[in-house]
Amino acid sequence: MSFKTRKIVVIGAGHVGSHCGYSLAAHGVCDELVFLDTDRKKAEGQALDIADAVAYLPHSLISRAGDYGDLGDADLAVMSAGPLPDGTQTRMEMLGETVRMIRTIVPRIKDSGFSGVLVSISNPADVIAHYLQKNTGLPARRVISTSTSLDSARLRRVVSEHTGVDRQSVQAYVLGEHGESQTAAWSNVTVAGKPIFRWMEQYPETWGKLDLSAMAEEARAGGWVVLHGKKSTEFGIGATLCEIAKAILHDEHRVMPVSVLLEGQYGQRDVYASVPAVLGKDGVEQIVELDLAPEEKKAFDASCDVMRKNFALTEGM
């Protein structure tokens, strides 16, 4: 009897990539974890640091530095290469520098024969995922971005803090761009299975006083608070990536908001945008189309326009 082991390659061993790697190791998502980086010593250091932690983790795994040949038999690859944010640029303003870095990586991915699922966390998340899919030639269902999975977690946290209900009992989706044009789909937010608008109607003196616009802005700004405070985001994106990887490698058929290529869904085509999707061993199994309020659909369409226009810019970069 033979057993299939699960292998993940992390491209980019900086703050974000290393925390994603540790989260994967701590949760036992894979059996082999490989770091790639232009700074070989950094990749080796991150891999060895995690390897040392394995003695106190619940699952054993091999953690090492490698090369692009390791992608050949990898089940999942994490793209985390990109410039460090300086705290003054929006994610979209980092597009040119990120594309120039990733352009050197794409041929190596293609030459490796990689046929797994590619999950990108490089910013601007949605445009870079689109760039990777088009230029690697991988099927769209197998190239996604974490995108607003993290923003949705932030919205759940904000709803929890304002209502006093644990975030595990909150279901909420942020749609569109992982960035300034994102939109909170309040029409689909539920607390304990009940729509938040219903709570507001039934309890006007408490829930009815919630300022949803301010709460959405608080969630959107959460990343900037983290970035300005500690110069990088690490734990939240590490946990987010881990959950997406687990859903794929364990074939969970779990619904998560990720950036996918829209081909008619939500009335949009030829654009990567974050929407709820069913994730399994082949990547995206199905895109879930929510019923959005008119103002939410308008905001989502505007967000898609932003990402479509910026993707067009990558052709000349």
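Every number in this text was worked out from the coordinates using simple rules, so none of it is lab data. Just so we're clear, the structure is a prediction, and the values are computed from it rather than from any experiment. Positions of Cβ are generated from backbone atoms using ideal geometry, with glycine treated the same way; all protein chains shown enter the neighbour counts.
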- Message: Can you give me the distance in nm between label points at ARG40 and ARG103, each placed 7 Å from the Cα along the Cα-to-Cβ direction?
- Response: 2.6 nm
- Query: How many percent of all Cα-Cα pairs in the chain sit more than 28 Å apart?
  - Reply: 38 percent
- Query: What shape does the range 149-316 have by the C-alpha gyration tensor, where a ≥ b ≥ c are the square roots of the eigenvalues, rounded means a/c under 1.5, and otherwise prolate means a/b greater than b/c and oblate the rest?
  - Reply: rounded
- Query: Once you charge only the Cβ atoms, +1 for Lys and Arg and -1 for Asp and Glu, what is the size of the charge dipole of the range 1-150 about its Cα centre, to the nearest 20 debye?
  - Reply: 420 debye
- Dipole of the chain (Lys/Arg Cβ +1, Asp/Glu Cβ -1, origin at the Cα centre): which of GLN286, MET317, GLY176 lies farthest to the positive side? MET317
- Item | Size of charge dipole - the chain - debye, nearest 20, with Cβ of Lys, Arg +1 and Asp, Glu -1, no other charges | 280 debye
- Message: Let me understand the range 7-145 better: what is its radius of gyration from the alpha carbons, and its Dmax, in angstrom?
- Response: 14.5, 42
- For the chain, build the charge dipole from Cβ charges (+1 Lys, Arg; -1 Asp, Glu) around the Cα centre, then report which of SER259, SER112, GLY208 sits farthest towards its positive end. SER112
- Message: Helix 294-313 against the longest principal axis of the chain: what's the angle in degrees, Cα atoms only, rounded to the nearest 10?
- Response: 30 degrees
- Query: Taking only Cα atoms, what is the 0 to 90° angle, nearest 10, from helix 149-163's long axis to the longest principal axis of the chain?
  - Reply: 40 degrees
- Give the angle, between 0 and 90 degrees and rounded to the nearest 10, that separates the Cα long axis of helix 212-230 from the longest principal axis of the Cα atoms of the chain. 30 degrees
- Rounded, prolate or oblate: which fits the range 261-317 when a ≥ b ≥ c are the square roots of the eigenvalues of the alpha-carbon gyration tensor, with rounded for a/c under 1.5 and prolate only if a/b beats b/c? oblate
- 222 nm [θ] for the chain, helices only, -39500 (n - 2.57) per DSSP H run of 4+, per residue, to 500? -13000 deg cm²/dmol
- Message: Is there a quick way to get the dipole size of the range 149-316? I mean about its Cα centre, with the Cβ of Lys and Arg at +1 and of Asp and Glu at -1; what is the value in debye to the nearest 20?
- Response: 360 debye
